[in-house]
Amino acid sequence: MKITTALAKVQPSYIREILSTANRPEVISFAGGLPELQSFPMTLINEALAKLHNQPALFQYANTEGYPPLLNFCRAHYALDDTQTALICNGSQQGLDLIARAFIDPQDCVALQAPSYLGALQVFDLAQAQIVSINTDNQGPNLAELEQCFASNKVKIFYAVPDFHNPTGACWSLHTRKRVAQLCRQYQVTLLEDVPYRELRFSGENLPLVSSLCPENSIVLRSFSKSIAPGIRLGLVSGPKAWLAALVKVKQGADLHTNVPMQALLFDILTHTDFANHSQNLKRRYRDKYRHMANILSSDFASVADFTPIEGGMFIWLKIRHCDTDALAREALLENVAIVPSSVFFKGKIPNNSAIRLNFTQASTAQIELGLKRLLKVIMKLQHP
Ligand SMILES: Cc1ncc(COP(=O)(O)O)c(C=O)c1O
């Protein structure tokens, strides 16, 4: 059977392909966006699982919005006001897909940061959106470019990852947050704020959600993949009630509702007295791994590369001078190191100053040392053949 025209245009995910190779035991992977296995709160998970065995009602069909105790907890925890509501999804990725299906007609204009999260590019491509890329640096999107884009296109959605962006790790300044909120209001653009890394701040001060500065114009996507574990596949969409009602309709057609036993498990974990300890430990572990990688990069890679320090998340964006990073990724894999070159995160025009995305959460500190040693050798070989 012939696949749809929209699907035929979607490129296979480079990261999925590289991950299949990166899973070989001899490969040290800085490629995926995988949380550290050892950081999963297994004691809390096991305790919560044990409580499921005598609750048959949790295994019945249920309402689409989500498991009521979890929904109520989220409404209170994220301080949603009376104009807002929430929907529990199969990961925030499902939230993205539902939003595209509910609100994007073919050729509707979606603006997003370049480089971009690949999963978002894939969703908006499938929805046949017209995608406009806004250049992004370590402060966030180029504001002049964003305003020009809003002024000259009928932009329906601006998709953004303001906290520890995937792939650059950048966190928007307060000034950028205020200005983006103002522009979304002025041009009546819906801000789609995706914040899966927000809970992973290990230094610096929390900044307000951009959506908190323009709530009537925003939808927020949250994820429990990075703060707990991705295999539970749970995320939360919140926003104005009328928009969420549209998403509920689409979700009914997609899968009726999210897995209730897993929602009950998540509720149990989030409300456990030890959850705060888990969050602190997770951030400490990621901070230490980040510092370890950053120290090596600052000393050993100084003559060939540079990066902007980050305050949270899971990625370092390493800019490498005079280097074809596509070739570097291929060569590095031959030396058993997996990285992702910058080119895969761009749609359309790829800038000259190439970079790589390095994940610092999955590898152990010993693997970080060895992997970076191998990587430096390959960079040197490419630059001085
Ligand atoms: C920016 C961004 N949004 C959404 C997701 C999807 O997360 P989830 O596991 O909640 O579906 C990811 C996953 O890596 C991501 O990086």
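The values are calculated or read from the model by the stated rules, or taken from the named source; none is laboratory data. Note that this is a predicted model, so its numbers are computed, not measured. Here the Cβ is made from the backbone with ideal geometry for all residues, glycine too, and neighbour counts use every protein chain on show. The accessibility values were calculated without ligands, DNA or RNA, using every heavy atom of the protein model including side chains. Shrake-Rupley method; radii C 1.70, N 1.55, O 1.52, S 1.80 Å.
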When segment 286-316 is checked residue by residue, the ones that are part of a helix (DSSP H, G or I), farther than 18 Å from residue 164 by Cβ and either acidic (Asp, Glu) or open to solvent by less than 20 Å² (accessible area, probe 1.4 Å) (or both) are 300
So, first residue on the phi < 0 side of the Ramachandran plot and among the aliphatic types (A, V, I, L, M) in segment 50-77, second residue surrounded by 12 or more Cβ atoms within 10 Å (Cβ to Cβ) and assigned to a loop (DSSP other than H, G, I, E, B), Cβ within less than 9 Å, six or more apart or across chains; the pairs are 58/52; 58/67; 62/257; 62/258; 70/234; 71/65
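What number of residues within segment 201-237 satisfy the criterion of being farther than 26 Å from residue 277 by Cα and either surrounded by 22 or more Cβ atoms within 10 Å (Cβ to Cβ) or not aliphatic (A, V, I, L, M) (or both)? Before you say what the answer is, go through the steps one by one.
Quick first cut of segment 201-237, residues farther than 26 Å from residue 277 by Cα only: 210-219.
Add one more test, that the residue is either surrounded by 22 or more Cβ atoms within 10 Å (Cβ to Cβ) or not aliphatic (A, V, I, L, M) (or both), and what stays is 210-212, 214-219.
Within segment 201-237, residues that are farther than 26 Å from residue 277 by Cα and either surrounded by 22 or more Cβ atoms within 10 Å (Cβ to Cβ) or not aliphatic (A, V, I, L, M) (or both) number 9.
Residue by residue, here is whether (1) assigned by TED's automatic domain parsing to the domain that holds residue 113; (2) in a strand (DSSP E or B); (3) modelled with pLDDT of 95 or more; (4) open to solvent by 10 Å² or more (accessible area, probe 1.4 Å) holds:
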{"site": "348", "(1), (2), (3), (4)": "no, no, no, yes"}
{"site": "353", "(1), (2), (3), (4)": "no, no, no, yes"}
{"site": "358", "(1), (2), (3), (4)": "no, yes, yes, no"}
{"site": "361", "(1), (2), (3), (4)": "no, no, yes, no"}
{"site": "367", "(1), (2), (3), (4)": "no, no, yes, yes"}
{"site": "374", "(1), (2), (3), (4)": "no, no, yes, yes"}
Within segment 317-338, is there a residue that is within 27 Å of residue 87 (Cβ to Cβ) and either open to solvent by less than 40 Å² (accessible area, probe 1.4 Å) or out of contact with any helix residue (DSSP H, G or I) (no Cβ under 8 Å at 6 or more places or on another chain) (or both)? no
Given (1) open to solvent by 80 Å² or more (accessible area, probe 1.4 Å); (2) in the same structural domain as residue 223 (by TED's automatic domain parsing), residue 93 misses just (1)
Of the listed residues (174, 87, 146), the one being more than 16 Å from the ligand (Cβ to nearest atom) and surrounded by 18 or more Cβ atoms within 10 Å (Cβ to Cβ) is 146
In the set 136, 64, the lone residue that is hydroxyl-bearing (Ser, Thr, Tyr), within 16 Å of the ligand (Cβ to nearest atom), in the same structural domain as residue 181 (by TED's automatic domain parsing) and crowded, with 16+ Cβ neighbours inside 10 Å is 136
All conditions in (1) open to solvent by 20 Å² or more (accessible area, probe 1.4 Å); (2) within 16 Å of the ligand (Cβ to nearest atom); (3) of a type outside the set (Val, Ile, Thr) are true of residue 151 except (2)
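Kindly indicate whether any position in segment 158-165 is open to solvent by 50 Å² or more (accessible area, probe 1.4 Å) and modelled with pLDDT of 95 or more. Let's see the steps before the verdict.
At the first step, the residues of segment 158-165 found to be open to solvent by 50 Å² or more (accessible area, probe 1.4 Å) are none.
Within segment 158-165, none of the residues are open to solvent by 50 Å² or more (accessible area, probe 1.4 Å) and modelled with pLDDT of 95 or more.
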